[in-house]
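Bear in mind that the values in this text are calculations on the coordinates, not laboratory data. Owing to the predicted nature of the structure, the values given are computational and were not obtained by experimental measurement. Please note: Cβ atoms are built from the backbone with ideal geometry, for glycine as well, and neighbour counts cover all protein chains shown.
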């Protein structure tokens with residue numbers, strides 16, 4: 001089996017016996033996908049001096065990466081034995097590519113010794129054949145539809161069988177409070193998505209615990225547009241999650257601000273600019289538990305004026321430094337000369353390039 005994807009673990013990699021860093025306050029990560037790697041290849045020649053992926057991630061103080069595991073693209077057709085990762089219906093090529101890439105990295109900022117980053121596998125996306133509604137809800141090809149429970153459990157079993165000893169953590173169903181993340185959100189006016197998420201996490205945890213004690217994270221709650229009539233504000237969704245007695249090792253958030261502008265929390269939503277308020281709300285609904293919070297994805301629109309992404313980066317880094325935040329994953333930024341991702345490095349020098357590219361290529365340590 002070829003495994004390729006940017007990753008690492010809370011355990012020792014079996015083949016190399018490399019110790020993996022645990023999630024600690026201030027642990028930073030990067031979301032890695034095909035676009036991230038392709039952009040690096042395309043633009044590497046434009047950076048002087050050349051920056052390797054190892055160097056770039058180490059400079060960003062990254063020790064984790066997020067790898068997306070999209071069920072709807074991995075199993076377009078129904079496997080005959082879905083619990084076996086070697087079934088012919090599965091196509092793991094994209095996930096394998098990132099895992100192998102991660103295991104090949106050597107980050108000099110790792111402690112106690114240099115090593116690869118740790119992997120957060122983010123699992124979600126329902127193929128049409130596994131939809132709980134059997135397709136009666138319309139929207140063919142929409143991966144947000146809730147899956148049949150047994151089908152989802154079998155898929156997670158296949159994921160864990162393939163990657164269980166190299167994944168350091170698992171996120172289950174990102175952005176579950178958005179209609180584009182998990183549907184239905186409501187039935188007959190009643191909020192049902194938190195209960196669906198509870199079931200997905202329970203079935204996933206059953207399979208994950210057969211192989212590893214890696215933490216299981218709830219799908220990251222997203223900020224919503226106050227004008228939305230179909231999404232569920234993050235605070236209301238969290239409250240409903242608590243009522244279901246959802247079982248997970250940490251609460252995930254993906255608080256990308258609507259429109260890319262970081263702002264204080266509104267009446268229904270969290271914001272990274274108010275991490276204390278976020279934690280106080282979690283503690284109110286999950287009392288005496290001290291639940292850890294993981295930022296499983298965050299980015300701001302880097303096409304705006306410089307002050308906007310700078311403010312977003314500042315909020316991200318300030319929240320990441322809070323002891324209750326376990327790991328904070330930064331999404332790849334498309335950076336431009338007019339909107340650099342200032343603040344991502346302690347000291348940086350911008351390169352005035354005319355092509356869009358990830359921010360980690362634009363910003364390099366100053367010479368000397």
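For this structure, a couple of remarks:
- Gyration tensor verdict on the range 65-138 (Cα atoms; rounded if a/c is under 1.5, prolate if a/b is larger than b/c, oblate otherwise): prolate
- Computed extension gain for residue 286 through residue 100, at 0.36 nm per residue and net of the alpha carbon distance, reaches 63.2 nm.
- Estimated from the Cβ-Cβ distance and a Förster radius of 45 angstrom, the FRET efficiency linking residue 227 and residue 148 is about 0.85.
- Arranged from fewest to most other beta-carbon atoms within 10 Å of their beta carbon, 241, 30 become 30, 241.
- Take the Cα of residue 89, step 7 Å toward its Cβ, do the same at residue 239, and the gap between the two points is 4.1 nm.
- Ranking of 206, 244 by neighbouring Cβ atoms within 10 Å, starting from the fewest: 206, 244.
- Cβ crowding within 10 Å averaged over residues, with 61-68, 186-193, 128-135, 77-84 ranked highest first: 61-68, 128-135, 77-84, 186-193
- Multiplying the residue separation of residue 187 and residue 267 by 0.36 nm and removing their Cα-Cα distance gives an extension gain of 26.4 nm.
- Where only C-alpha atoms are counted, convex hull volume of the range 153-274 per residue in Å³: 116
- Highest-first arrangement of 88-96, 156-164, 143-151, where packing means the average Cβ count within 10 Å: 156-164, 143-151, 88-96
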